[in-house]
Structure formats: C-alpha cells, structure tokens
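Single-structure report; data block below.
The values are calculated or read from the model by the stated rules, or taken from the named source; none is laboratory data. Predicted, not measured: the structure shown is a model, and the values here were computed from it. We place every Cβ from the backbone using ideal geometry, glycine too, and count neighbours over all the protein chains shown. The protein model used for the area step is the full one, side chains on, heavy atoms only, and it has no ligands, DNA or RNA in it. Shrake-Rupley method; radii C 1.70, N 1.55, O 1.52, S 1.80 Å.
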Amino acid sequence: MGIVAGAAVGGLLADPANQYPNVFGHIKLFRTFPYLLPCMVGSVTTMLGLVVGLFKLKETLVVEPTAAEPARLELPPKPLP
C-alpha cells in the first residue's frame, strides 16, 4: 500500500513550480529544487510516525534479570503486632 501511495504522492508533488504555478510558481526554492516538496512530505511523514510511535506505543518487552543483576525478592509485609 505504501509503495503505491508513496509513488503517487511523489509524482503529484514533483516539480510543483511547473505543475502548480499559481501556488508554488513564485517560490524560487521549488524552481531550483523541483523534487524538494515530495522529499519534505516524506520526511515529515516519517518524523511524525516516529514521534507518535515513541509517545503513544506501550513497551511490550519484559526484561528478565540476568546473572549480573540478581532478581529482587519481594518479601511479604510483616504482620502488625
């Protein structure tokens, strides 16, 4: 799915100064670098996915103690007298 969508978005956004002159024609940066816009969109999408993944996904790895780090024994609380 991403291969098809990525190629389509990249093709639609490539050379924006010539494809969409009313919107991007006056921006010299897009005339000098015609493939900057699809690269920027791809980079921002990747960074957004990274940030969402870092802050919204739970860690599922259960870390088991090793010989260098002995297991901590949880002692039951002492009964009150």
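With respect to F30, is the statement that it is open to solvent by less than 70 Å² (accessible area, probe 1.4 Å), among the hydrophobic types (A, V, I, L, M, F, W, C), part of a helix (DSSP H, G or I) and modelled with pLDDT of 90 or more true? First the steps, then the outcome.
Values: open to solvent by less than 70 Å² (accessible area, probe 1.4 Å): yes; among the hydrophobic types (A, V, I, L, M, F, W, C): yes; part of a helix (DSSP H, G or I): yes; modelled with pLDDT of 90 or more: yes.
Answer is yes for this residue.
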- Message: Between a residue in segment 1-14 that is closer than 8 Å to P38 by Cα and any residue that is open to solvent by 60 Å² or more (accessible area, probe 1.4 Å), which pairs come within a Cβ distance under 7 Å, given they are 6 or more apart or on different chains?
- Response: A14/Y35
- Task: May I ask you to list pairs of residues, at least six apart or on different chains, whose Cβ atoms are under 8 Å apart, with the first in segment 34-49 being outside any helix (DSSP H, G or I) and the second being open to solvent by 90 Å² or more (accessible area, probe 1.4 Å)?
- Result: P34/N18
